[in-house]
């Protein structure tokens, strides 16, 4: 296992596990974490030995969104002004991944965290996991969430997720087609790893070709 600052990256046979690693802050997002994600994703996007990536959070939770303590500080870090560009680059790389991306969403994914969850080609959630896109409550747009939702889902689902601003539990995420599978809360990461292992055993090339075809049609 290699550690890349605020993320951890484990390479397995044909697949990789990438974890946000700020459990003491509920894996909330900062500029340095975005930088580390960019570094890790940049390395993975060109790694032909990796066919599947599992994206999750350390400490049994996914991501609580932006670290508001940092963004709202009286003297905010210098990276705050640069964060929109850093965050855009993360999502550009997620979109460019030839690998199948499985998001393992434990406990919660909120706003910026939801954008990461929605980036998954496949999404595993717990029974008590919830996803919340509540930027509208703050008078903000939700460009990254909107991008992934519009890419994959009908307008009715996009409206349901982004306009009501409520917490949507695992079974409802499955019903809406956001989640691929709902499992017991303590089995999310295990199931994501099982699925990644199974897909990584497929013959080389097929997964990337199909994903490219899906992208082209959408």
Any idea how far apart residue 47 and residue 150 come out in nm if each label point goes 7 Å out from Cα toward Cβ?
3.2 nm
Need one number: nm distance between label points at residue 38 and residue 212, each 7 Å from Cα along Cα→Cβ, rounded to one decimal.
2.7 nm
Only bridges with both residues in the chain count here: give the DSSP antiparallel percent, nearest 5.
35 percent
With runs of 4+ DSSP H residues as the only contributors, calculate the mean residue ellipticity of the chain at 222 nm using -39,500 (n - 2.57) per run, divided by the residue total and rounded to the nearest 500.
-12500 deg cm²/dmol
Can you tell me the relative contact order of the chain? Whole percent, Cα pairs under 8 Å, sequence separation 6 or more.
20 percent
Using only the Cα atoms of region 103-206, build the gyration tensor, take square roots of its eigenvalues as a ≥ b ≥ c, and label the shape rounded, prolate or oblate: rounded if a/c is under 1.5, else prolate if a/b is larger than b/c, else oblate.
prolate
At R0 = 30 Å, how high is the FRET efficiency between residue 95 and residue 74 if r is their beta carbon distance? Nearest 0.05 is fine.
0.25
Given labels modelled 7 Å from the Cα in the Cβ direction, how far is it in nm from residue 186 to residue 127?
1.2 nm
Among 54, 158, rank each residue by its count of other Cβ atoms within 10 Å, from fewest to most, as a rough exposure measure.
158, 54
Rule-of-thumb check for region 2-217: C-alpha Rg over 2.2 N^0.38 Å?
0.96
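Coordinate-derived values only; no laboratory data. The structure displayed is predicted, hence computed values, not measured ones. Reconstructed Cβ throughout: ideal geometry from the backbone, glycine too, with neighbour counts over all protein chains shown.
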